Amino acid sequence: MSVSAIIPWVVGNWKMNPVQADACALVRSMKELLEIAPIAEAQCHLGVAPISIALTQIQAQLSTANRAVYTVAQDVSRIPGTGAYTGEVSAELLADSNIGYVLVGHSERRELFADTVEILKAKIKNALNAGLTVIYCVGESLEQREAGQAEAVVLQQICDIAAVVEAEQWKRIVIAYEPIWAIGTGKTASPQDAQAMHAQIRQGLSQITGYGETIAILYGGSVKPENAVELATCPDINGALVGGASLNAESFLQIAQAFANTQ
Ligand code: 13P
């Protein structure tokens with residue numbers, strides 16, 4: 001299989017948004033727009049990551065869409081199973097609610113909630129062992145980029161998890177490269193810079209695992225309809241993790257269409 005055979009993923013990370021009524025309206029609009037302009041499942045995986053208390057409600061609403069739209073958890077506990085862990089949601093409990101996908105390692109969790117490498121490793125191990133697919137986020141800060149360390153930082157973030165991913169669990173890993181300086185800032189990495197980093201990530205993955213050529217590597221950081229077409233033409237950019245623009249159904253699906261058109 002070659003890189004061009006990877007089906008793109010476009011996933012909306014809703015972060016700590018929106019209120020319930022707006023989330024329901026957003027899903028309703030997505031379903032209506034997908035009826036008017038269908039996007040085939042074979043052309044693009046689609047997913048949305050709502051706040052944890054909305055996961056099952058959004059999933060139920062999406063179950064009547066004309067195609068699969070995955071419901072993705074934004075986080076998972078570092079503790080497996082069940083037990084006296086106030087406030088936590090384990091991978092097994094996500095799986096028990098048929099939530100099959102989870103974001104791990106988003107820079108907001110690394111920076112604001114002290115998700116260390118050891119914590120991220122535990123989260124990924126638990127998620128994979130519970131059968132979930134993990135969207136693992138990596139990315140450098142502006143300081144690291146300006147110091148010429150971007151590649152080294154990102155490749156280290158990939159190496160960090162290698163010890164806890166068993167050989168055939170790599171099939172359930174998706175990577176999202178999100179340069180921190182591009183998140184929510186309106187600044188996107190240029191398609192050339194993003195492609196160069198994605199190619200490095202793929203090379204790194206190929207050295208660690210036999211699945212380097214089949215792992216989807218998504219770009220995230222101010223993706224919008226205006227820049228999605230160009231990003232989608234880059235051979236190693238296999239989709240997008242979208243923040244702000246995913247809160248508007250039309251923008252989100254325009255981005256998905258840009259990636260679907262490459263298939
Ligand atoms: P923005 O698209 O709002 O920059 O957010 C990107 C992001 O963090 C997705 O996880």
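The values are calculated or read from the model by the stated rules, or taken from the named source; none is laboratory data. Keep in mind that this is a model prediction, so the values were computed, not measured. Note that each Cβ is placed from the backbone with ideal geometry, even for glycine, and that neighbours are counted across all protein chains shown.
Which members of the range 114-144 meet the condition of being over 16 Å from Q156 (Cα atoms) and of a type in the set (G, A, S)?
Within the range 114-144, A114, A122, A127, A130, G131 meet the criteria.
Mind telling me which of the residues N98, N129 ends up being at positive phi, modelled with pLDDT of 95 or more and surrounded by fewer than 16 Cβ atoms within 10 Å (Cβ to Cβ)?
The match here is N98.
Is there any pair with a first residue in the range 221-238 that is in contact (Cβ under 8 Å) with a residue 60 or more places away in the chain and closer than 16 Å to L253 by Cα and a second that is within 12 Å of the ligand (Cβ to nearest atom) and of a type in the set (V, I, T) whose Cβ atoms are under 9 Å apart and which are 6 or more apart or on different chains, and what are they?
Pairs that qualify, where the first residue is in contact (Cβ under 8 Å) with a residue 60 or more places away in the chain and closer than 16 Å to L253 by Cα and the partner is within 12 Å of the ligand (Cβ to nearest atom) and of a type in the set (V, I, T), are A232/I255.
Could you tell me how many of the residues in the range 197-214 are small (G, A, S) and assigned to a helix (DSSP H, G or I)?
3
With respect to Q144, determine if the residue is at pLDDT 95 or above, more than 18 Å from the chain's Cα centre (by Cα) and buried (at least 16 other Cβ atoms within 10 Å of the Cβ). Reasoning before the result, please.
On the way: at pLDDT 95 or above: yes; more than 18 Å from the chain's Cα centre (by Cα): yes; buried (at least 16 other Cβ atoms within 10 Å of the Cβ): yes.
So Q144 passes the test.
So which residues in the range 215-263 are assigned to a helix (DSSP H, G or I), near the ligand (Cβ under 10 Å from one of its atoms) and β-branched (V, I, T)?
Once the filter is applied, which keeps residues that are assigned to a helix (DSSP H, G or I), near the ligand (Cβ under 10 Å from one of its atoms) and β-branched (V, I, T), the range 215-263 yields only I255.
Check whether at least one residue in the range 14-21 is farther than 26 Å from L231 by Cα, more than 19 Å from the chain's Cα centre (by Cα), touching a residue at least 12 places away in the same chain (Cβ under 8 Å) and more than 16 Å from the ligand (Cβ to nearest atom), and report yes or no.
Looking for residues that are farther than 26 Å from L231 by Cα, more than 19 Å from the chain's Cα centre (by Cα), touching a residue at least 12 places away in the same chain (Cβ under 8 Å) and more than 16 Å from the ligand (Cβ to nearest atom), one finds at least one in the range 14-21, hence yes.
Tell me, yes or no, whether the range 195-214 has at least one residue that is within 15 Å of the ligand (Cβ to nearest atom), β-branched (V, I, T) and touching a residue at least 24 places away in the same chain (Cβ under 8 Å).
Looking for residues that are within 15 Å of the ligand (Cβ to nearest atom), β-branched (V, I, T) and touching a residue at least 24 places away in the same chain (Cβ under 8 Å), one finds none in the range 195-214, hence no.
Between residues in the range 167-185 that are closer than 20 Å to G221 by Cα and small (G, A, S) and residues that are part of a helix (DSSP H, G or I) and within 16 Å of the ligand (Cβ to nearest atom), which pairs lie under 8 Å by C-beta distance while being six or more apart or on different chains?
G184/G244
Among (1) farther than 18 Å from G105 by Cβ; (2) exposed (fewer than 15 other Cβ atoms within 10 Å of the Cβ); (3) touching a Lys or Arg at 6+ places or on another chain (Cβ under 9 Å), where does A42 come up short?
For A42, the exception is condition (3).
Select from the range 182-194 the residues that are surrounded by fewer than 19 Cβ atoms within 10 Å (Cβ to Cβ) and more than 10 Å from the ligand (Cβ to nearest atom) and list them in ascending order.
Scanning the range 182-194 gives S190, P191, Q192, D193.
If a residue has to be more than 14 Å from the ligand (Cβ to nearest atom) and more than 18 Å from Q169 (Cβ to Cβ) to count, how many in the range 118-139 make the cut?
2
Within the range 164-179, take every residue that is surrounded by fewer than 22 Cβ atoms within 10 Å (Cβ to Cβ) and modelled with pLDDT of 95 or more and give me the one that is farthest from the ligand (Cβ to nearest atom).
E166
So which of A40, A49 ends up being touching a residue at least 24 places away in the same chain (Cβ under 8 Å) and more than 16 Å from the ligand (Cβ to nearest atom)?
None of the others qualify; the one that does is A40.
Among (1) in contact with a Gly (Cβ under 6 Å, 6 or more places away or on another chain); (2) closer than 23 Å to V134 by Cβ; (3) of a type outside the set (K, R), which single condition is S222 missing?
The number of the failed condition is (2).
What pairs come up if the first residue lies in the range 105-125 and is closer than 22 Å to L218 by Cβ and among the acidic types (D, E), the second is within 15 Å of the ligand (Cβ to nearest atom) and modelled with pLDDT of 95 or more, and their beta carbons are under 6 Å apart, counting only those six or more places apart or on different chains?
From the range 105-125, the pairs are D115/R109.
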